[in-house]
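Here the structure is laid out as structure tokens; the discussion comes afterwards.
The values are calculated or read from the model by the stated rules, or taken from the named source; none is laboratory data. Note that the coordinates shown come from a computational prediction; the quantities given were computed from them, not determined experimentally. FYI the Cβ positions are ideal-geometry reconstructions off the backbone, even for glycines, and counts take in every protein chain you see. Ligands, DNA and RNA are stripped out before the accessible areas are found, and what is left, the full protein with its side chains, is counted by its heavy atoms. Shrake-Rupley method; radii C 1.70, N 1.55, O 1.52, S 1.80 Å.
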Amino acid sequence: MRYLSLEINNGIGLISIHRPEALNALNREIIDELDALLEQIRDDQSIRVLVLWSDKNFAAGSDIKSMVEMTVEEAADFIFTPTYNKLDLLDIPTIAGIEGYALGGALELAMACDIRFAAEGAKLGYPEINLGIMPGAGGTIRTPLSIGSPWAKELIFSGEIIDAARALQIGLVNRIYSDAELFAETMKFAEKLSRKAPLAMKLIKQTMREGLACADLMEGVDIEKKNWATLFSTEDQKEGMRAFIEKRKPEYKGK
Ligand code: DAK
């Protein structure tokens, strides 16, 4: 691969972008490479958690230079959405570790992850409005779902770039660490999640996705009720509860 790398260690997949000359701006090749890696990760049962992290900058958005002269047809073809949906639909937890810039299409990429940690020096925002366009890879939907409509509108309407402290305040990121600590702390949290029961994790993600999509709260709670009972058919549930009673650490098999 030219721009992306995937490292797999102890059940944690780590994807990084390497295009420092353009602050990791996302071009077509990067999205194609990401798509291929996500398929590989989806089919690899040994990966329990996925981390997206890139040195110095998460990414400064989509590649403006490759978009400037695009026709409507070309813009419709320069599509990120299926790849970002693939990320969102993974059964495993996904964490974005944001150092430096996470703008536009890159913030949308982070929003397609389950959890976001940021470095103190991170800068986040949706500058699309300043370029005469709008977020087009799920940002107008995933952002209000995560942080609420007023905060999302403020960000998307204004195009303002905010710092990590402000991002934490509005819930755009879950935690902040110093720039030097971000990577290690993100991996430490990933390691913690990698030891959790995989089937329960999968069903939690599925339940929250389907439940939140229900207009009717009670319909969502019904989905939760059904999925909760389903987990009692798994060996992992027995193992988790027996381990508690026997005062030992559980060994989950994903069965
Ligand atoms: N695209 C292309 N190149 C970029 C870039 C970008 N987004 N961001 C930075 N670069 C390049 C710069 O052009 C420069 O390259 P050279 O001129 O040296 O060749 C190099 O990276 C270093 O950037 P600067 O010299 O500008 O660095 P500074 O530290 O002075 O400024 C900055 C950093 C991040 C404030 C600035 O670079 C900047 O404002 N960048 C643009 C940020 C931006 O507007 N991002 C949003 C892009 S729009 C779609 C779905 C979604 C999208 C598109 C399509 N579909 C469904 C079809 C998403 C759209 C977007 O993300």
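Some values worked out for this structure:
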read-out: Cut-off under 5 Å, modelled amide H: who pairs with I12 long-range; value: R48
read-out: Cα lying deepest toward the dipole's positive end in the chain, options S54, I92, A152, charges on Cβ; value: I92
read-out: Lys, Arg +1 and Asp, Glu -1 on Cβ, resulting dipole of the chain about Cα centre, debye, nearest 20; value: 1200
read-out: Probe 1.4 Å, protein heavy atoms only - accessible area per residue of the chain in square angstrom; value: 54
read-out: The range 3-13 - phi-based ³J(HN,Hα) in whole Hz, Karplus 6.51/-1.76/1.60, Gly and Pro as x; value: 10, 10, 10, 10, 10, 10, 9, 6, x, 10, x
read-out: Folded to 0 to 90 degrees: helix 235-245 orientation relative to the chain principal axis, Cα; value: 70
read-out: With every protein chain in place, the range 111-255: carbon and sulfur % of accessible area (1.4 Å); value: 60
read-out: Relative contact order (%) - criterion: Cα under 8 Å, at least six apart; region: the range 1-95; value: 34
read-out: Out-of-range pairs (alpha-carbon distance over 23 Å; input K56/K196; K196/K255; K205/K253; K192/K226; K153/K225; K56/K86); value: K56/K196; K192/K226; K153/K225; K56/K86
read-out: Exposure rule at most 10 other beta-carbon atoms within 10 Å, DSSP loop GluC sites (Glu not before Pro): the chain longest free segment; value: 70-245
read-out: Length-normalised contact order of the chain in % [C-alpha pairs under 8 Å, at least 6 apart]; value: 16
